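**Q** Okay, here's the structure, questions in a sec.
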Amino acid sequence: VAKGMLPALALAFFSKSSAATLPVTMRCAQQNLGEKPQVAQFVLPMCTTINMNGCAAFIFLTVVYLMQNAGIDIHPGVIVAWIFIATLAAIGNAGVPMGCFFLSASLLASMNVPILLMGVILPFYAVVDMIETSLNVWSDSSVSAMVDRDMKELDAVAESR
């Protein structure tokens, strides 16, 4: 799967935009991996919109980092709450460069978490954003490949009846 998705992963890495990478991702899934067009054209756009694993991880790790540096008490309940908040916030994130950084800053500011240390993260965020976007496109591709495999199995079972 990785070899077939390499053009999409490379574009995701350098463009830092899963939305801009979507046409290449769909082409790679269909031509290189042999996925059905119906599956790739349905699953990949949906995943690009809601499957933002890299952004959710960034939000969560940033929250923990900033809260620790601000001396805010972090207990298991806070961690569980922020896992849910980060996951839900990432679903609504735009698939554009730096989208998760600004989403994180606004989310943290609205929760009264001091965001001054976001300036420490900013110089490194370009690389983080590249990795996040590649992770998002990779996970989208994996979901699409699994759905395609399952659909092909269901078609084979239906044909054997």
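The values are calculated or read from the model by the stated rules, or taken from the named source; none is laboratory data. Computed from a predicted model, the values in this text were never measured in an experiment. So basically every Cβ, Gly included, is an ideal-geometry build from the backbone, and we count neighbours across all protein chains shown.
**Q** Tell me whether segment 64-83 contains one or more residues that are part of a helix (DSSP H, G or I), of a type in the set (A, V, I, L, M, F, W, C), farther than 20 Å from residue 107 by Cβ and in contact with a helix residue (DSSP H, G or I) (Cβ under 9 Å, 6 or more places away or on another chain).
**A** The initial filter retains those residues of segment 64-83 that are part of a helix (DSSP H, G or I), namely 64-69, 76-83.
Cutting the leftovers down to of a type in the set (A, V, I, L, M, F, W, C) gives us 64, 66-67, 78-83.
Still in the list and also farther than 20 Å from residue 107 by Cβ: none.
No.
**Q** Mind counting the residues in segment 43-65 that are over 18 Å from residue 135 (Cα atoms) and in contact with a Ser or Thr (Cβ under 9 Å, 6 or more places away or on another chain)?
**A** 1
Here's the yes/no breakdown for (1) modelled with pLDDT of 90 or more; (2) crowded, with 16+ Cβ neighbours inside 10 Å; (3) out of contact with any Gly (no Cβ under 7 Å at 6 or more places or on another chain):
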{"site": "25", "(1), (2), (3)": "yes, yes, yes"}
{"site": "28", "(1), (2), (3)": "yes, yes, no"}
{"site": "38", "(1), (2), (3)": "yes, no, yes"}
{"site": "44", "(1), (2), (3)": "yes, yes, yes"}
{"site": "57", "(1), (2), (3)": "yes, yes, yes"}
{"site": "63", "(1), (2), (3)": "no, yes, yes"}
{"site": "82", "(1), (2), (3)": "yes, yes, yes"}
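**Q** Considering only residues that are surrounded by 15 or more Cβ atoms within 10 Å (Cβ to Cβ) and farther than 30 Å from residue 85 by Cα, look in segment 2-23 and name the one that is farthest from the chain's Cα centre (by Cα).
**A** That would be 4.
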